[in-house]
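The values are calculated or read from the model by the stated rules, or taken from the named source; none is laboratory data. None of the values given here were measured: they were computed from a predicted structure. Here the Cβ positions follow ideal geometry from the backbone for every residue, glycine too, while neighbour counts run over all protein chains shown. Note: areas computed on protein heavy atoms with side chains; ligands, DNA, RNA excluded. Shrake-Rupley method; radii C 1.70, N 1.55, O 1.52, S 1.80 Å.
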Amino acid sequence: QVQLVESGGGLVQPGESLILSCTACGITLSDYVVSWYRQAPGHEREKVAGPGRSAGNIVYGDSVKGRFTISRDRAKNAVNLQMNSLKAEDTAVYYCNARWSDDYWGQGTQVTVSS
């Protein structure tokens, strides 16, 4: 059975950092296109970071460019999202998605940025 699990969310103050991790059971994430998405209350789910159309190209959402970084940890079968200089508008549930011939989603992890 395939399972994606996001972790690392929490409550932080504006300007602080968090690292989210997406780990998998049942699949090897390096065999998949893995992206991070988020969904804030009242908003549609949006792509935060992930591979673009060109090989080796990483695409970031306009609102997170320069602050967020996606990376793979092959040893841990994980894909991480480093989030720096967090803002209140980054508050959302963050999801990872692994896609190739199949499409898998995690259950999400809540990130709340508030003073």
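Here are some notes:
- Along the stretch 47-52 the Karplus relation, 6.51 cos²θ - 1.76 cosθ + 1.60 evaluated at θ = phi - 60°, assigns HN-Hα couplings of 7, 9, 7, x, x, x Hz to successive residues, with x for each Gly and Pro.
- Net length available on complete extension from Asn57 to Ile19 is 11.6 nm, with 0.36 nm assigned per residue and the Cα-Cα distance removed.
- Unpartnered cysteines - no second Cys beta carbon under 4.7 Å - across the chain: Cys25
- Computed about the Cα centre, the dipole magnitude for the chain is approximately 240 debye when only Lys and Arg (+1) and Asp and Glu (-1) carry charge, each at its Cβ.
- Long-range HN-HN contacts of Ala49 with modeled amide H, under 5 Å: Trp36, Gly61
- Once the Cβ-Cβ distance of Gln39 and Ser85 is raised to the sixth power relative to R0 = 25 Å, the FRET efficiency obtained is 0.75.
- Most simply put, the chain has about 90% antiparallel DSSP beta bridges, counting only bridges with both residues inside it.
- In this label model, Asp102 and Arg72 are separated by 1.9 nm, measuring between points 7 Å along each Cα→Cβ vector.
- Taking Cβ atoms as reference points and 14 Å as the exclusive limit, the residues near Thr23 contribute a net charge of +1, counting Lys and Arg as +1 and Asp and Glu as -1.
- Order of exposure, largest accessible area first, which applies to Lys87, Lys76, Lys65 with probe 1.4 Å: Lys76, Lys65, Lys87
- The packing ranking, built from the mean of other Cβ atoms within 10 Å per residue, places the peptides 51-60, 34-43, 6-15 in the order 34-43, 6-15, 51-60, highest first.
- Accessible area of the stretch 1-47 belonging to carbon and sulfur atoms, whole % at 1.4 Å probe: 46 percent
- Residues of the stretch 53-115: accessible area per residue with a 1.4 Å probe, Å²: 59 Å²
- Listed values for the stretch 13-18 are Karplus-derived 3J(HN,Hα) couplings in whole Hz (6.51 cos²θ - 1.76 cosθ + 1.60, θ = phi - 60°), namely 8, x, x, 7, 10, 9, and x replaces Gly and Pro.
- Loop-resident sites, the stretch 15-97, for GluC sites (Glu not before Pro), counting at most 12 other Cβ within 10 Å (DSSP): Glu44
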